[in-house]
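Worksheet: the structure to be examined is printed underneath.
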Amino acid sequence: MALAEAGALRLRVLSALVLAPLPIVAIWFGGLFFAGLTAAAAVVMAWEWGRLCGGGAGASALVGAVASAMIAASLFGFATGLLLALAGAAIVWQVAVQR
């Protein structure tokens, strides 16, 4: 193994050791802890996607749609979350078309 590869592997292992406890604890406690972590991850991914696509109102609409859908799914069930996700997708599409 080359020296650069060993350094990259070491960095990945250290990152895993730092990042792994939070999802493990969320899985262990389940319920709202797991739902909260899942929602937070979804919002961060939506923010990153919106930023990659140019930011602006479309990114804000996307983050809001994902956050509301995840919260609704956690509190009221899958069907409600899905309906909000579809409504959010329509709003994001409308914002993108106006742009």
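Mind checking which residues of the range 26-39 are over 15 Å from GLY81 (Cβ atoms) and under 12 Å from the mean Cα position of the chain (by Cα)? Steps first, please.
Within the range 26-39, the subset over 15 Å from GLY81 (Cβ atoms) is 26-31, 33, 37.
Passing the criteria: only LEU37.
Name every residue in the range 12-45 that is surrounded by 14 or more Cβ atoms within 10 Å (Cβ to Cβ) and touching a residue at least 40 places away in the same chain (Cβ under 8 Å), in order of residue number.
none
Which condition number in (1) part of a helix (DSSP H, G or I); (2) free of Cβ contacts under 8 Å to residues at least 12 places away in the same chain; (3) closer than 23 Å to GLN94 by Cα is the one that GLY7 fails?
If we test GLY7 against (1) part of a helix (DSSP H, G or I); (2) free of Cβ contacts under 8 Å to residues at least 12 places away in the same chain; (3) closer than 23 Å to GLN94 by Cα, just (3) comes out false.
Going by what's in this entry, would ALA79 be described as surrounded by 12 or more Cβ atoms within 10 Å (Cβ to Cβ), touching a helix residue (DSSP H, G or I) at 6+ places or on another chain (Cβ under 9 Å) and assigned to a helix (DSSP H, G or I)? Step through it out loud before you land on a result.
Details: surrounded by 12 or more Cβ atoms within 10 Å (Cβ to Cβ): no; touching a helix residue (DSSP H, G or I) at 6+ places or on another chain (Cβ under 9 Å): yes; assigned to a helix (DSSP H, G or I): yes.
So ALA79 fails the test.
Can you name every residue in the range 48-66 that is of a type in the set (Gly, Ala, Ser) and either in a helix (DSSP H, G or I) or modelled with pLDDT of 90 or more (or both)?
The first filter runs over the range 48-66 and keeps only residues of a type in the set (Gly, Ala, Ser), leaving 50, 54-61, 64-65.
Within the range 48-66, GLY50, ALA57, GLY58, ALA59, SER60, ALA61, GLY64, ALA65 qualify.
Those residues that are under 20 Å from GLY36 (Cα atoms) and exposed (fewer than 12 other Cβ atoms within 10 Å of the Cβ), I need them from the range 46-76; list them, please.
Passing the criteria: only LEU75.
Only one of these conditions is not met by ALA69: (1) at positive phi; (2) assigned to a helix (DSSP H, G or I); (3) not hydroxyl-bearing (Ser, Thr, Tyr). Which number is it?
With (1) at positive phi; (2) assigned to a helix (DSSP H, G or I); (3) not hydroxyl-bearing (Ser, Thr, Tyr) applied to ALA69, the lone miss is (1).
The values are calculated or read from the model by the stated rules, or taken from the named source; none is laboratory data. Only a predicted model underlies this, so the values are computations on that prediction, with no experimental measurement involved. Cβ coordinates were reconstructed from backbone atoms using ideal geometry, including for glycine residues, and neighbour counts include every protein chain displayed.
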